[in-house]
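The values are calculated or read from the model by the stated rules, or taken from the named source; none is laboratory data. Quick caveat: nothing in here was measured; it's all calculated off a predicted structure. Note: ideal-geometry Cβ built from the backbone for every residue, glycine included; neighbour counts use all protein chains shown.
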């Protein structure tokens with residue numbers, strides 16, 4: 001069963017990588033690097049390349065979900081980082097770019113940091129088989145604050161937000177969505193037999209709102225940055241947020257954790273996030289866009 005999970009996780013990583021690259025190239029071709037508008041998003045729904053990318057992303061997420069159920073987190077979660085490497089290589093070939101040293105270092109930091117964080121987290125956490133309604137409500141309220149914060153930023157700084165802010169927001173929102181999805185799944189499988197009656201309406205509303213805004217942020221990140229940045233955010237920030245919620249709110253931290261392990265987790269998470277920031281600043285596609293913008297500004301002046 002473990003080997004099947006590994007196979008599904010690897011195949012899912014390929015689907016996520018190719019899907020992100022297809023969607024990213026479709027968004028850039030449609031927007032020309034400008035901010036994504038509502039009309040532009042509706043137009044993408046009729047773009048075969050974008051729809052194909054969406055189908056691949058959905059297939060990748062489904063396979064990863066099955067893999068997580070079939071094998072330990074320590075085995076499956078680090079495999080998802082393969083998608084970042086695949087996306088970088090595929091996108092570089094598609095755009096005719098050479099991968100610079102800064103990008104290699106940034107990706108290495110993302111993969112190493114996220115893998116270390118997950119491996120350490122599994123050794124210091126324990127599953128909470130019962131989530132209280134108070135804890136669930138706390139998570140929903142925090143998610144509401146996150147939706148309000150990032151939604152306000154998107155409205156106020158719509159044309160000035162960087163790709164990193166978009167993907168940071170998407171990673172945070174989808175991290176909350178993953179936690180609530182798991183909680184709802186536990187409610188549905190509760191042996192009391194109430195099934196849907198166990199599910200809180202505010203959790204469903206929160207998932208829909210966060211999922212919608214997170215999806216918009218992902219598509220907006222495509223218009224302002226490379227697809228590997230999107231994958232980096234979703235494979236680094238998403239699990240870090242999810243595990244942090246489990247530790248801080250759901251009480252999944254083991255009582256015998258040494259301070260050294262906690263510091264190591266913080267260091268690993270910091271390394272991964274620094275890698276995402278570096279990727280958003282030094283990726284060859286990003287530097288090319290900045291150079292083209294400066295050239296265009298010089299011609300105008």
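Data table
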read-out	value
Members of region 90-105 found to be surrounded by fewer than 15 Cβ atoms within 10 Å (Cβ to Cβ) and at negative phi, listed by number	93, 94, 98, 100, 101, 104, 105
Qualifying positions in region 145-165 - modelled with pLDDT of 90 or more and under 13 Å from residue 237 (Cβ atoms)	146, 150
Per-region count, region 158-186, residues outside any helix (DSSP H, G or I) and touching a helix residue (DSSP H, G or I) at 6+ places or on another chain (Cβ under 8 Å)	2
Qualifying residue in region 219-231 (condition: surrounded by fewer than 24 Cβ atoms within 10 Å (Cβ to Cβ), farther than 23 Å from residue 56 by Cβ and in contact (Cβ under 8 Å) with a residue 40 or more places away in the chain)	no
